[in-house]
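Just below is one structure, and these are the notes that go with it.
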Amino acid sequence: MQISGAQMVIEALIAEEVEVVFGYPGGAIMNVYDEIYKQRSFQHILTRHEQAAVHAAEGYAKATGKVGVAMITSGPGFTNGVTGLADAYMDSIPLVVISGQVPMSLIGTDAFQEIDAVGISRPCTKHNYLVTDAADLPRVLKEAFYIARTGRPGPVHVDIPKDVTAQIATFDYSKEVELETYKPTTKGNARQIKKAIEAIAAAKRPLLYLGGGIVSSGAADLVREFSKMTQIPAVETFMARGTLRFDDPLLISMLGMHGFDDRVTGKLSEFAKNAQIIHVDIDPASVSKLVHAHYPIVGDVKNVLEQMMPLAKEQIDPVRYAPWLNTIANFNKLHPLSYTEEGDRLKPQWVIERIGQLLGDKANISTDVGQHQMWTAQFYPFSRPRQWVSSGGLGTMGFGFPAALGVKRADPERVSINITGDGSILMNIQELMTAVEYKLPVINVILNNNFLGMVRQWQTLFYDKRHSQTDLSIQPDFVKVAEAFGGVGYRVTTKEEFDAALKDAVEKNVVTIIDVVVNRFENVLPMVPAGGSLFNMMLEYKEK
Amino acid sequence: MENARRVISVIVLNEASVLSRIVGLFSGRGYNIESLTVAPIPDSKYSRITIVTAGSLRVIEQITKQLHKLIPVLKVYEHADLVEKEMAMVKIPMNESLGDIEALAHAYNGRIVNVGSDTLIAMVADEPSRVGHFLEAIKRFHPKEIVRSGSVALER
Ligand SMILES: Cc1ncc(C[n+]2csc(CCOP(=O)(O)OP(=O)(O)O)c2C)c(N)n1
C-alpha cells in the first residue's frame, strides 16, 4: 500500500488496536492531525496542555495494562510533554509518544519551534527514534509499541519531521518485530529458583516485599495464591498497592514514609542487614542496585512465580512460620497506622478512609504528590491491582488529574477519583475543560491544608519551622473555578458535608471538585528521616 | 579496588545516535570516560566501542547493566584478561635528530611515518602505559602536537 507518512501513523495505530489518543496539535504535526480528522477508528482527546496528554495516556495505560498513546507537536509542544515521558520512564509505564518535528531540511538550523527532541528524550525514555524516511515508519512504529510493552515496560518516543509525514512510501505492517539486540529475559533461571525456594523453606522469618512489577506483569493473582499457600506475610511498596487485598491478614501495613526504594531502605548499610535477599526483577540493572541480593533472579515475575509454585508446594511448610506471623500480628497491634481526631477540623486521613468506606472497590484512585498521596497509599482500602495510579518515581505534582481522566476513559464504569492537594491541583487545573468536553466526570478531592504540605512537614521537622514559600493561604475559590469550566464544586468543612458532596458528585455526570478544608498541620507518619535507618523510624510526632 | 581503571567493549548496531546513547549513560551519572574508540566491525552491521573508564566494581557493574539495557546494544564485555593497545602520533620540529627519534619510536613499536619541510611525524603503537612512557621520553625533542588514539582491546 502506497500512502503518506501521516496515513501510516493512522494505519499503525489502527493495527495496534489503539482506541484513544491523547494529544494537542501544532504546525509540525498537522499532516497527522489532518488524517486524524478523516478517520473514525479511534478517539482523539484534546487535553489542554501537552503534559496532561502524556499523563492521561499514562493513566490509561496503568488502568488497562495496554500501551498509552500521546501525540504532540515540535518545540514547546514536545518540551511540555517531557515531564510525562520522564514520569512514565521512572514508573515503567508503556507509552508511545509521537511528536512532530520541523522538516528535515530545517533540522539543525534553529528553525521556528525546532528543538533536538530525541536529544532531550534520550535519558528519559526506554527508547526513541527520529524518523528520517517514511519507508522506515511502519518498522519504527511497530518496534515502538513492541519495545514499550515488553520486558521492563516504558515510554518510547517517535519524532517525525513534517516532510516525512507528507512523503509517500510503502506501508507494510505485517512483518514480525525482530530485534537482534533486544531480547528481554522473561523466564527465571531454574537453578537459581530452586535455590531460592530452598532458602525460603529453611528460613524462620520470610517476608514478601512486593513491588510495582507485579502489577505491570499481571502477576497479582499468582502472588495472592503464593502467599496464601505459603502463609508468608507481605509488605507492598508504594507502587504495588492493591496486590493483596487491604484486609488480607498477611499484609503488613505500609513501610516507611515513602514506601519505595532508596527512601524505604533509608541508610543502606542498616537495611535488613541480617536478611538473605531473593530479588526477582525483569530488569537486570535493578537487581542489587541498592541492596545486595543473595539470590538474584532475572525474569518476568509472573513466569518466575509460575516456576516457583510447584517447588513451593512441595518444600515450603506454612506451619513453620506461625511464630513469625504472631510477632507480626503483635507489631501491627503495637504500631497500627492511625491518626487522632481532634477539634472540629476534618482530618485528611479520615477523608480518605471515608472515600474507601463509601466507594471501596467501586473507585479507581489517582493522586497528585505530597502528603495527600502518602495518606492515600496508607489509608485507602485497595482491593485490586490497577486500582491505584500515582506518580511514584518522579513524584510529579500535576499528574493526578490528567491521569484520572485517562483512568476514567479506560474504565468508565467505575468512579475515577483524584485525591489531590491545594498545591498540586493548580498544576493541571486546565484539564477541567477536557473533562467537561469529553464527559469524563473525574472527582477531584482536594485535601486543602493551605500549604505545600509535604514540604511544610519537612520544614517543621528539619528546618526549625521556617516555612519558606510553602504557605498557600492565598487561594482561588475552587467551587467557582469548577463552575467556570462547566463542572460542579463543593466546599466542605464537616463530615456530613463531605458525605453529601461525595454522594452528589458520584451521581453527577460531570467533573467535580470537592474542596475539603482539613487540619493544616497534620504530618505523615511513620517517616524515615533522609539517610536515617528504619531502626530509627519516627512513628509519632508531637507538636511541642 | 576503589576506582580502578576498567576497559569495557560494547558491540552496537551501526545506527544514528547510538554513540550519544552510550556516552549519555556515563555523563548522565557523572562518570568520566578516559578514552573512547569506535569503528565498524568488518562485514557486519555492528560497531565496536572500546571505553576506558575508572570506577569501583559496583559502579562498573551498574554501568555494564545499564549499557545492556540500551536497545541497540548487542553485547557488553568488561575485560579482565586482555590485550590492549593504543597508538599515538607526535609532530616534531625538523631541527631534532632524526636518528634519535627513529630509535626512540622503534623501542615502542613505531617509526617515523612522515617527513615534511618543517616537521616530521612519528607514530608508536603499544600498551597504553608504554605509550605514556614514550610521550614522556619524546618531550626532549620538543613535540609541537601529540595525538593519542585511545585504547582498543581484545580478550586473550
Ligand atoms: C512538579 C513538582 N514540583 C515540586 C515538587 C516538590 N513537592 C513535593 S510535595 C510538594 C507539596 C505538595 O503540596 P500539595 O499539592 O498541596 O499537597 P500536600 O502535601 O499539602 O498534601 C512539593 C512542592 C514536586 N513533587 N513536583
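Where a number appears in this text, it was derived from the coordinates with a stated rule and is not lab data. Note that this is a predicted model, so its numbers are computed, not measured. A quick note on method: Cβ atoms are made from the backbone with ideal geometry, for glycine too, and the neighbour counts reach across all protein chains shown.
Odds and ends about this structure:
- Rg to Rh, two decimals, where chain B supplies the alpha carbon set and Rh follows Kirkwood: 1.05
- Qualifying lysines (Cα of each under 28 Å from Cα of A:Lys503; at least 8 residues distant if same chain): A:Lys62, A:Lys347, A:Lys362, A:Lys408, A:Lys439, A:Lys480, A:Lys495
- Were the residues from A:Thr493 through A:Ser105 laid out at 0.36 nm apart, the gain over their Cα-Cα distance would be 133.7 nm.
- Between A:Phe485, A:Ala404, A:Gly218, the Cα set farthest toward the positive side of the dipole of the protein assembly as shown (charges on each charged residue's Cβ, about the Cα centre) is that of A:Gly218.
- The length gained by stretching the chain between A:Gln469 and A:Leu179 to full extension, at 0.36 nm per residue less their Cα-Cα distance, is 99.4 nm.
- Taking 29 Å as the straight-line reach from the Cα of B:Lys91, the lysines in range (excluding those fewer than 8 positions away in the same chain) are B:Lys139, B:Lys144.
- DSSP beta bridge pairing in chain A, given as percent antiparallel to the nearest 5: 10
- Charge dipole (Cα centre; +1 on Lys/Arg Cβ, -1 on Asp/Glu Cβ; no other charges) of chain B amounts to roughly 540 debye.
- Residue-averaged 222 nm ellipticity for chain A, from DSSP H runs of 4+ at -39500 (n - 2.57), nearest 500: -11000 deg cm²/dmol
- For A:Glu11, A:Glu431, the sequence from fewest to most other C-beta atoms within 10 Å is A:Glu11, A:Glu431.
- Convex hull per residue volume in Å³, alpha carbons only, for segment A:2-170: 92
- Within straight-line cross-link reach of A:Lys194, aspartates and glutamates at Cα separation under 14 Å, skipping those fewer than 8 residues along the same chain: A:Glu306, A:Glu314
- Within chain A, the longest run free of exposed loop sites, counting chymotrypsin sites (Phe, Trp or Tyr not before Pro) that sit outside DSSP helix and strand states (H, G, I, E, B) and have at most 14 other Cβ atoms within 10 Å, spans A:113-462.
- Cα-centre dipole for segment A:348-536 with unit charges at Cβ (Lys and Arg positive, Asp and Glu negative), debye to 20: 300
- Fraction of alpha-carbon pairs over 21 Å apart in segment A:120-218 - percent: 54
- Beta bridge orientation in segment A:348-536: antiparallel %, DSSP, nearest 5: 5
- Placing unit charges on each Cβ (+1 for Lys and Arg, -1 for Asp and Glu) gives chain A a dipole about its Cα centre, and among A:Pro233, A:Val69, A:Asn523 the Cα reaching farthest toward its positive end belongs to A:Pro233.
- Shape descriptor for the protein assembly as shown: Rg over Rh equals 1.03 (Cα atoms; Rh from the Kirkwood inverse mean 1/r).
- By the helix-only formula, in which each DSSP H run with n ≥ 4 contributes -39500 (n - 2.57) and the sum is divided by residues, chain B has a 222 nm mean residue ellipticity of -8500 deg cm²/dmol.
- Separation of segment A:134-167 and segment B:1-29, taken as the distance between their Cα centroids, equals 24 angstrom.
- Paramagnetic label zone (point 7 Å from Cα along Cα-to-C-beta, A:Ala322; backbone N under 17 Å) in segment A:198-236: A:204-206, A:229-233
- Between A:Ala275 and A:Lys362, the FRET efficiency from the beta-carbon distance, with R0 = 30 Å, is close to 0.20.
- 3J(HN,Hα) from dihedral phi, segment B:142-156, Karplus parametrisation 6.51/-1.76/1.60, rounded to Hz, x for glycine, proline: 6, x, 8, 8, 10, 9, 10, 7, x, 6, 10, 8, 9, 5, 5
- The residue among A:Ile10, A:Phe42, A:Ser92 whose Cα reaches farthest toward the positive pole of the charge dipole of segment A:1-110, with charges on the beta-carbon of Lys, Arg, Asp and Glu, is A:Phe42.
- Debye log10 I(q)/I(0) for segment B:83-155, one point scatterer per Cα, at q = 0.21 Å⁻¹: -0.80
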